[in-house]
Amino acid sequence: MEVDVPPMTANTRRTRDRSATVEDELPLATATRTTATASSSIANPRLRQSMTQFMLLLTQSDHSEIFRKAVTARDAPDYARAVKRAVDLTSIQKAIKAGQIRSWDELERDLRRMLANCCMFNKPKTGAFELAKLMLVEVENLLETAKESAGDGKA
């Protein structure tokens, strides 16, 4: 079975890879969130407390050291040019405290963005890339447990 594929022209827009899509579609952790579903859970101090405890566990992880603070120009001179929406564990914690992260889904989104940024910037098989993969497994496991014990955060 043959499929007609139009030729690429100067006006044809290329499809982005998944990592670029994650970066482009999701708002920054510190951006103001105004969705109706998110605003309903902001009043839930128990959820905020659960997320704060979750982040404490995550920052104490063996794999979290490089993700605890923002990447500086001294650390990686090209990082700000390559990564448009940088996220680190400290900025996520501040967003939770400020009420800008209002659900487990928003928290997961920002954690995944942080790890995707690391994987996009660093080459595969480097220490940072491998730490991001290990951290992803830890994030997924901890999130599953936290969501089960604290509720889904959408109420």
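The values are calculated or read from the model by the stated rules, or taken from the named source; none is laboratory data. Just so you know, these numbers come straight off a predicted model, no measurement behind them. Neighbour counts run over all protein chains shown; Cβ positions are idealised from the backbone, glycine included. Protein only, heavy atoms only, side chains kept; ligands, DNA and RNA dropped before computing areas. Shrake-Rupley method; radii C 1.70, N 1.55, O 1.52, S 1.80 Å.
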Quotient of Cα Rg and 2.2 N^0.38 Å for region 50-155, N being how many residues it contains: 1.06
First compute the accessible area of region 49-155 with a 1.4 Å probe, then give the percent of it belonging to carbon and sulfur atoms. 53 percent
Candidate residues Val71, Val139: accessible-area rank, largest first, probe 1.4 Å: Val71, Val139
Contour excess over end-to-end distance, with Cα ends at Glu138 and Gln60 and 0.36 nm allotted per residue: 26.9 nm
With 22 Å as the limit, write out which pairs from Lys69/Lys133; Lys84/Lys123; Lys97/Lys147; Lys123/Lys147; Lys69/Lys147; Lys69/Lys123 have Cα-Cα distances beyond it, or answer none. Lys123/Lys147; Lys69/Lys147
Hz values of 3J(HN,Hα) by residue in region 128-135 - Karplus curve (6.51, -1.76, 1.60), Gly and Pro given as x: 5, 4, 5, 5, 4, 5, 5, 5
Taking the Cα-to-Cβ direction at Thr145 and at Tyr79 and moving 7 Å from each Cα, how far apart do the two end points lie in nm? 2.8 nm
